[in-house]
Amino acid sequence: MREIYLDYNASAPLDARVLQEMLPVMSDAVGNASSVHRFGRRQAALVDEAREHVAALVGGHPAGVVFTSGATEANNLVLQGIVAATDDGGAVRLLVSAVEHASVIRTAQRLAACGLAKSDVIAVTSGGFVEPARVEELLGSDVLLVSVMAANSETGVLNPLAEIAERVHAAGALFHCDATQMAGRLPFDMSESGADLVSLSGHKICGPAGVGALVATRQSLKRLEALLHGGGHERGLRSGSLNVAGIVGLGAAAQIAAQEREQEAVTVAALRDRLVSGLQANLAGVHQNGDLSRRLPNTANLCFEGADAEAVMSNMDSVAVSIGSACSSGSIEPSAVLLAMGLSSEAAFESVRFSLGRFTTPEDVATATQAAISAVERVRALTA
Ligand code: PMP
């Protein structure tokens, strides 16, 4: 059976146009981007060009871009970096939403466990978004930073960023926004959203994996201490010789996304909606998790009542979708995001994420719909 990839939120396929930009860098380019000879200067010029594309994707300034190994590192740099730069014996507080990526939640927990900062979790609504009033209740003069993602990876639900940022700034804190899932899919602008620090990742925007960026205002960059110390690359915030090919790929992916995301959103949303309506027309007891009025165009998180999601997934093996999260022992944990939205663990265990993207075709959707219908019917019949 033909394989179909509907797991773009985990990692999107590399765009062939991005690969074309990367290949000559990998095959021909020589030199360290920090070297002053002409080989090095050519590498540095490629990095500078990519920096402009990455900044432009989120309405930032090229001087505010710090290239990292991905969004995990960018998130760590923000949370650990701001705490490290504030030496006040652990009195400061961080606020992070309940549905953040593990690289935000676990970093905040770790800082708290080490006594370096306190950390509070901002609850989300049953629709999966953060209400600005909840942030306001938790704010205080001891809050250093608030971290709320632009779009959730599991539900696609979008947060009211500008309203949150307004309250965060009024309390004198910095606003960090993990825009990893949104930046390539919908217009995102740092000034409009009020974000001081934005995390991004290459492989979520049809670029390479293992490269990402923090894009920040110049003022907020000054508030960070580096995680990695060494040669002082990236204005001292991320030492280590630059991954020029990866950075060129990230830049190309950002440039394409900036040009195409609005049109792509329309096409992809139509395919996503066709998938959902095909499933709901053929199966009873299928509902969508998350607020449908504020969602990424490519994501649908569906609960198939009475059908265990892991069993559904293994009965539609040729279609890549996603469920919960695999823990270290290999068993599946219910999604913390869905639980934070108030779903029962039973409903969370019955939920499957479908995430589409640039290369999804109507044929993919038709085949995936049939595969999912058969899988759910089979699982329901076995457990009835
Ligand atoms: N933040 C979000 C919202 C994500 O979805 C992911 C990837 N699943 C990350 C951060 C981590 O990104 P990376 O793989 O680049 O470390």
So what is the relative contact order of region 127-170, in percent, for Cα pairs below 8 Å that sit 6 or more residues apart? 53 percent
Under a point-charge model restricted to the Cβ atoms of Lys and Arg (+1) and Asp and Glu (-1), what is the dipole moment magnitude of the chain relative to its Cα centre, in debye to the nearest 20? 780 debye
All-pairs alpha carbon distance profile, the chain, 10 Å steps from 0, percent: 5, 23, 31, 24, 13, 3, 0, 0
Mean separation of Cα contacts under 8 Å (6+ apart) over length of the chain, as relative contact order %: 23 percent
Segment Ala209-Gln280, extension gain: residue separation times 0.36 nm, minus the distance between their alpha carbons: 22.1 nm
GluC sites (Glu not before Pro) within region 90-152: which are DSSP loop residues with at most 15 other Cβ atoms inside 10 Å? none
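So, for the chain, what is the accessible surface per residue at a probe of 1.4 Å, expressed in square angstrom? Spell out each step's value before the answer.
Numbers: 15730 Å² over 384 residues.
Accessible area per residue: 41 Å².
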Computed label-point distance, nm, for sites Ala56 and Val30 using a 7 Å Cα→Cβ extension: 3.1 nm
Could you work out how far the C-alpha centroid of region 66-119 sits from that of region 146-208, in angstrom? 16 Å
DSSP beta bridges in the chain: the antiparallel percent, rounded to 5, is 55 percent
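Can you show me the helix-derived [θ] at 222 nm for the chain, built from DSSP H runs with n ≥ 4 at -39,500 (n - 2.57) apiece and divided by the number of residues, rounded to the nearest 500.
It comes out at -13000 deg cm²/dmol, rounded to the nearest 500.
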Anisotropy class of region 136-257 from Cα gyration tensor, a/c 1.5 cut: oblate
Tell me the label-point distance for the pair Arg235, Glu3, using the 7 Å Cα-to-Cβ offset, in nm and rounded to one decimal. 4.1 nm
Rounded to the nearest 0.05, FRET efficiency between Ala63 and Ser374 (Cβ-Cβ, R0 45 Å) equals 0.25
Answer with one residue from Leu138, His53, Leu174: the one whose Cα lies farthest towards the positive end of the charge dipole of region 16-256, charges on Cβ with Lys, Arg +1 and Asp, Glu -1. His53
Can you pull the percent of region 16-256's accessible area that's carbon plus sulfur, 1.4 Å probe, other chains left in place? 52 percent
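The values are calculated or read from the model by the stated rules, or taken from the named source; none is laboratory data. These figures come from a predicted structure and were not determined experimentally. Note that each Cβ is placed from the backbone with ideal geometry, even for glycine, and that neighbours are counted across all protein chains shown. Surface accessibility is based on the protein's heavy atoms, side chains included, excluding ligands, DNA and RNA. Shrake-Rupley method; radii C 1.70, N 1.55, O 1.52, S 1.80 Å.
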